[in-house]
Amino acid sequence: MEQMHRLIEIVHTAKRMVFFGGAGVSTGSGIPDFRSEDGLYRQKYRFPPEQILSHTFFIHRTEEFFRFYRDKMLYLNAKPNAAHWKLAQWEQAGRLSAVITQNIDGLHQMAGSKRVLELHGSVHRNTCMQCGAHFSAQEILNSTGIPRCPCGGIIKPDVVLYEESLDERTLMEAVREIRTADVLLIGGTSLQVYPAASLIHYFQGDHLVLINQSSTPADKNADLLITGKIEEIFSQVDFL
């Protein structure tokens, strides 16, 4: 209870709050994370997920990549949970400056968040590698084999794969948001995926708040540390 009161106090007094989140924000919407006991990386496939989700694998085993991608990366029926809705509410109220996310599911936008920086891209943007035409996630899900554009080119999801660089513009915008924030609220992330996790080192503000189910490398630096599911924590602050 004391932690919740402290969270409310920090949010109420924030002048420029930024949220940085990961897979744990969407597990409450039925999208599995990667590193928990039931996460994607604990499941057994012919190849490890880290290998399948690499640029090299995409180039050389494209059909197998898409078989895994459709099966394990596209959750198009998922709906926002209390965490997504609360962040959108805070933004609309002028409390939250930006959402910086490692997720690719688009649930923040579905909840109404406008300022969303997607470090790892989005399943909802798909582009022909040959002519640049755009396609929806539903079109990828409905396709078979290797999805191709009418021009014959392969359609690639706008998702940052292993061995690929983050979008430079998105990265710089995220750095600017974190550097100018007085409150950095981190939730649902193990802070083990780099370079995304290193962004929090740019924070120079007053309060670092961390909400996660397991420990992270940043725990020792947090002004407020809350252990639990972020959607359950945020559902208790409906009056904010």
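Taking amide H positions as modeled 1.01 Å from N, with prolines and chain starts lacking one, the residues under 5 Å from GLU164 and 5 or more places away or on another chain are HIS55.
Would you work out what percent of the accessible area of the chain, with all protein chains in place, is carbon or sulfur (probe 1.4 Å)?
Numbers: 5720 of 11780 Å².
That share works out to 49 percent.
Volume per residue of the convex hull around the Cα atoms, evaluated for the range 135-188, comes out as 156 Å³. Excluding ligands, DNA and RNA, the accessible surface per residue across the range 28-155 is 49 Å² with a 1.4 Å probe. Enter the angle in degrees (range 0 to 90, nearest 10) between the Cα long axis of helix 2-13 and the first principal axis of the Cα atoms of the chain, meaning the one along which they spread out most. The answer is roughly 80 degrees.
So for the chain, Kirkwood radius off the Cα pairs, Stokes-Einstein at 20 °C and 1.002 mPa s: how many µm² s⁻¹? Mind dumping the intermediate values first?
On the way: Rh = 18.6 Å.
Once the numbers are plugged in, D ends up at 115 µm²/s.
Sparse packing (at most 14 other Cβ atoms within 10 Å of the Cβ) combined with a DSSP loop state is found for the following chymotrypsin sites (Phe, Trp or Tyr not before Pro) in the range 166-240: PHE239. Extending 7 Å from the Cα toward the beta-carbon at both HIS60 and ARG115 defines two label points whose distance is 4.4 nm. Here the range 130-234 is treated as a sphere whose radius is the Kirkwood value from Cα pairs; by Stokes-Einstein at 37 °C and 0.692 mPa s it diffuses with a coefficient of 196 µm²/s. In this rough spin-label picture, where each label sits 7 Å from Cα along the Cβ direction, the GLN213-THR227 distance is 1.4 nm.
I'd like the GluC sites (Glu not before Pro) in the range 143-240 restricted to DSSP loop residues with at most 15 other Cβ atoms within 10 Å, sorted by number.
Numbers: sites: GLU163, GLU164, GLU168, GLU173, GLU177, GLU231, GLU232; in loops: GLU163, GLU164.
Those satisfying the criteria are GLU163, GLU164.
In deg cm²/dmol and to the nearest 500, what is the mean residue ellipticity at 222 nm of the chain if only DSSP H runs of at least 4 residues count, each as -39500 (n - 2.57), divided by the residue total? Working shown, then result.
Working: 9 runs with 72 residues, N = 240.
Result for the chain, helices only: -8000 deg cm²/dmol.
The values are calculated or read from the model by the stated rules, or taken from the named source; none is laboratory data. Please read these numbers as outputs of a predicted model, since none were measured by experiment. Here the Cβ is made from the backbone with ideal geometry for all residues, glycine too, and neighbour counts use every protein chain on show. The protein model used for the area step is the full one, side chains on, heavy atoms only, and it has no ligands, DNA or RNA in it. Shrake-Rupley method; radii C 1.70, N 1.55, O 1.52, S 1.80 Å.
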